[in-house]
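Undergrad: First the structure, then my questions, so here it is.
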């Protein structure tokens, strides 16, 4: 009853100002070399569209994919967003070389009042967007489904700073929490909010965010971890071992995710999985995940949210890879914080580099790599022998202490340059600074380039900071 009342009040207060939220659910099928698409269903979600009409067009050039919504009569661009997907990651795995799989995906946009063409684009070998699928959507189609799925429980206001259309709406979903653990979910979610807004630039832009929470109740506590024989059926389907990586938490149940999230205004989603084993994940403009009770949850949450929120690349390169080797030809990545450095004079963060800084920028990579290899060998042994999680925590703590001292005492520490070793590759890709939230588990901030990338996404949803009066609560 409480959830229904809150939903009714929210809908009534915004109905005059915004259209409903339209959703195209579709199947994405393929392997490493081909992909196909088929329409699953057309949905009108319960809540109004949370975005601002003046910020409907995405000009950030982020994402492996891009979708456009165009008026059928005039071809006028009405809405666009870049994103990444589970299929987009899976197609790079060894499994995709010999098998086909199907994933459900969704595109959300303001409900149109006349037929539109929804166009899906993907980056080609040179990272230019090319059309790969298109479908006509008629909002008056009798098969458009406006019905509401079962409510997942009360909507929590974790942080509310104003109307959704003027803010970034961030939704935290609990998975693997029983009804008796609802207070634990709220406590865990509030802890995440405090953590996120302790990091720049989120800290300075806190007033630009609303944060909501939803927790569909689970029949039993926890989520699946197949590598250890643990299987659960949490409401959102979260599981460790995605793509065979023990630390990677994803959900493959898109319908459950979307039908649950539909009861909150949102642009970004964090799935808070009820567990204590190290793990998480983040996919740009899809969702990010973290294990709530892991010692490393604060770091994992912020790091993975960097992927989800701003499309930031992993800057590390010494962990066991999930994906296949990078192509011999290093194409310039679309991510803001890594580069192939084909032409140092055209470095995409050149304006942040101090005059006289050499590009590429020398650092003691050999010593770092030797130590990192030793850590990875011990990590694999701990997992293979199924040692207690405390042993993994101790290993990571020792690694953090060593790396903070080593990277923090480099002559170029804190300076912006182009440091080789990034994007899962020791050679051929470069990162902006010696250390960053996207490089290590060290107690360091996002680097200057990452901070700028995050700010640009905040601007896309909430407007530039310079145009509004900001006052954090």
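Undergrad: Among the residues of segment 398-434, write down those that are free of Cβ contacts under 8 Å to residues at least 60 places away in the same chain, within 25 Å of the chain's Cα centre (by Cα) and more than 18 Å from residue 359 (Cβ to Cβ).
TA: Hit for segment 398-434 is 400, nothing else.
Undergrad: Can you go through 110, 154 and tell me which one is within 23 Å of the chain's Cα centre (by Cα), at pLDDT 95 or above and surrounded by 15 or more Cβ atoms within 10 Å (Cβ to Cβ)?
TA: Going through 110, 154 in turn, the sole match is 110.
Undergrad: In segment 309-349, how many are buried (at least 22 other Cβ atoms within 10 Å of the Cβ) and on the phi < 0 side of the Ramachandran plot?
TA: Residues in segment 309-349 being buried (at least 22 other Cβ atoms within 10 Å of the Cβ) and on the phi < 0 side of the Ramachandran plot: 10 in total.
Undergrad: Further question: Tell me, please, whether a residue that is crowded, with 24+ Cβ neighbours inside 10 Å, within 19 Å of residue 178 (Cα to Cα), in the same structural domain as residue 288 (by TED's automatic domain parsing) and touching a helix residue (DSSP H, G or I) at 6+ places or on another chain (Cβ under 7 Å) can be found in segment 254-261.
TA: no
Undergrad: State which residue is surrounded by the most Cβ atoms within 10 Å (Cβ to Cβ) when the search covers only segment 115-125 and only residues that are assigned to a loop (DSSP other than H, G, I, E, B) and touching a strand residue (DSSP E or B) at 6+ places or on another chain (Cβ under 7 Å).
TA: Selected residue: 115.
Undergrad: Further question on the same structure: Just one of 410, 399, 433, 377 is assigned to a helix (DSSP H, G or I) and farther than 24 Å from residue 275 by Cβ; which is it?
TA: 377
Undergrad: Which of the residues that make up segment 266-286 are more than 22 Å from residue 311 (Cβ to Cβ) and in contact with a helix residue (DSSP H, G or I) (Cβ under 8 Å, 6 or more places away or on another chain)?
TA: Across segment 266-286, the qualifying residues are 274, 276, 277, 278.
Undergrad: Looking at segment 126-148 only, could you name the residues that are buried (at least 16 other Cβ atoms within 10 Å of the Cβ) and closer than 18 Å to residue 49 by Cβ?
TA: Of everything in segment 126-148, those that are buried (at least 16 other Cβ atoms within 10 Å of the Cβ) and closer than 18 Å to residue 49 by Cβ turn out to be 137, 139, 144.
Undergrad: Could you look through segment 27-60, keep only residues that are closer than 20 Å to residue 77 by Cβ and out of contact with any helix residue (DSSP H, G or I) (no Cβ under 7 Å at 6 or more places or on another chain), and pick out the one that is surrounded by the most Cβ atoms within 10 Å (Cβ to Cβ)?
TA: 49
Undergrad: Residue by residue through segment 157-185, note down the ones that are over 14 Å from residue 458 (Cα atoms) and part of a helix (DSSP H, G or I).
TA: Result: 179, 180, 181, 182, 183, 184, 185.
Undergrad: Still on this structure, please answer the following. Can you find even one residue in segment 186-198 that is within 21 Å of the chain's Cα centre (by Cα), in the same structural domain as residue 276 (by TED's automatic domain parsing) and assigned to a loop (DSSP other than H, G, I, E, B)? Write out each step before concluding.
TA: To start, the set of residues in segment 186-198 that are within 21 Å of the chain's Cα centre (by Cα) comprises 188-198.
Checking which are in the same structural domain as residue 276 (by TED's automatic domain parsing) leaves us with 188-198.
With assigned to a loop (DSSP other than H, G, I, E, B) added as a condition, the list becomes 197-198.
For segment 186-198, residues within 21 Å of the chain's Cα centre (by Cα), in the same structural domain as residue 276 (by TED's automatic domain parsing) and assigned to a loop (DSSP other than H, G, I, E, B): present.
The values are calculated or read from the model by the stated rules, or taken from the named source; none is laboratory data. From a predicted model like this one, the values you see are computed outputs, not experimental measurements. Methodologically, a virtual Cβ is constructed for each residue, glycine included, from the backbone with ideal geometry; neighbour enumeration extends over all protein chains shown.
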